[in-house]
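Visitor: The structure is given below, and queries will be raised subsequently.
The values are calculated or read from the model by the stated rules, or taken from the named source; none is laboratory data. Since we're looking at a predicted model, the values are computed, not measured. Reconstructed Cβ throughout: ideal geometry from the backbone, glycine too, with neighbour counts over all protein chains shown.
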Amino acid sequence: MKSFVAESDSQKRALAFAKTYADEFDKVLKTGRSAVFVGKPGTGKTHLSAGIGLRIMHRDNRTVLFSSVLRAVRRVKESWRRDSAETESQAIAALVFPDLLILDEVGQQFGSDTEKLILFDVLNERYEKRKPTLLLANVPLDDYLKNPSDKEKSPGLKSFLGERIIDRLREDGGEIVPFDWESMRGKL
Ligand SMILES: Nc1ncnc2c1ncn2[C@@H]1O[C@H](COP(=O)(O)OP(=O)(O)O)[C@@H](O)[C@H]1O
Ligand SMILES: [Mg+2]
């Protein structure tokens, strides 16, 4: 987290959020307060969330799982195979077990109904156990035009996850942290 360069006000706010979230992780665990990082690729969402994860792992011995949505969903799907060593509940339990789950690339690719269902299952179980989740998204909250010439909008995070999940997260004090600057890749 120390390596995160914060120049603009919104970058400073994102960094402050990450610091507080990690420093007060005991409190976060009591309430299960989750958060969503929303912004274009290259804005440092993975970087900053990894910083949170590493800090609470090393300082507090917390269990943290960092996974892309794709990989998390694949693990559950693989448990459906007849020759699978893992049952579906075991695959889901592995995603529910960690003190903090960081789900990267949420809404990246078009989610099939099965994918959404799996994701919903995991988030729901974590919610019931008051376990916090950090969601990292490269798509905006609302449906959006990928290109100005597009006729149809692409699904935003609300369509992808379902508005209920976002609402619930907010009611629980969860924050949407905007990473509303351009990509930092190669700039520093
Ligand atoms: N504010 C920042 N300070 C230092 N490095 C940054 C910052 N933002 C992004 N980077 C670097 O830029 C690259 C892209 O960041 P990344 O976290 O992968 O972005 P995202 O997950 O939002 O797509 C990484 O190498 C990351 O370390
Ligand atoms: Mg990323």
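Visitor: Just to verify a result, which residue in the range 24-42, among those that are over 17 Å from K187 (Cα atoms) and assigned to a loop (DSSP other than H, G, I, E, B), is farthest from ligand 1 (Cβ to nearest atom)?
Guide: Once the filter is applied, the top-ranked residue is G32.
Visitor: When you look at L95, is it within 16 Å of ligand 2 (Cβ to nearest atom) and at pLDDT 95 or above, yes or no?
Guide: no
Visitor: Next question. Would you mind telling me which numbered condition in (1) under 19 Å from K129 (Cα atoms); (2) touching a Phe, Trp or Tyr at 6+ places or on another chain (Cβ under 9 Å); (3) not hydrophobic (A, V, I, L, M, F, W, C) T31 fails?
Guide: Result: T31 fails condition (2) only.
Visitor: Next question. Would you mind telling me which numbered condition in (1) within 10 Å of ligand 1 (Cβ to nearest atom); (2) in contact (Cβ under 8 Å) with a residue 24 or more places away in the chain; (3) at negative phi E7 fails?
Guide: Looking at each condition in turn, E7 falls short on (2).
Visitor: Sticking with this structure for a sec: Would you mind finding the one in K45, K116 that is within 16 Å of ligand 1 (Cβ to nearest atom), among the basic types (K, R), closer than 24 Å to F179 by Cβ and in contact (Cβ under 8 Å) with a residue 12 or more places away in the chain? Break it down into steps so the answer makes sense when it comes.
Guide: Details: K116 fails: within 16 Å of ligand 1 (Cβ to nearest atom).
Answer to the selection: K45.
Visitor: Sticking with this structure for a sec: With the condition kept exactly as written, say whether any residue in the range 148-155 is in a strand (DSSP E or B) and not aromatic (F, W, Y).
Guide: Checked against the condition, which is being in a strand (DSSP E or B) and not aromatic (F, W, Y), the range 148-155 yields at least one hit.
Visitor: Look through A91, A85 and report the one residue that is over 15 Å from the mean Cα position of the chain (by Cα), of a type in the set (A, V, I, L, M, F, W, C) and not in a loop (DSSP other than H, G, I, E, B).
Guide: Within the list A91, A85, the selection yields A91.
Visitor: While we're on this one: Of the residues that make up the range 11-23, is at least one of a type in the set (G, A, S), in contact (Cβ under 8 Å) with a residue 60 or more places away in the chain and not in a helix (DSSP H, G or I)?
Guide: No: the range 11-23 contains no residue that is of a type in the set (G, A, S), in contact (Cβ under 8 Å) with a residue 60 or more places away in the chain and not in a helix (DSSP H, G or I).
Visitor: Read through the list (1) at pLDDT 90 or above; (2) within 19 Å of Y21 (Cβ to Cβ); (3) of a type in the set (A, V, I, L, M, F, W, C), then give the number of the only condition that W80 fails.
Guide: Answer for W80: the failing condition is (2).
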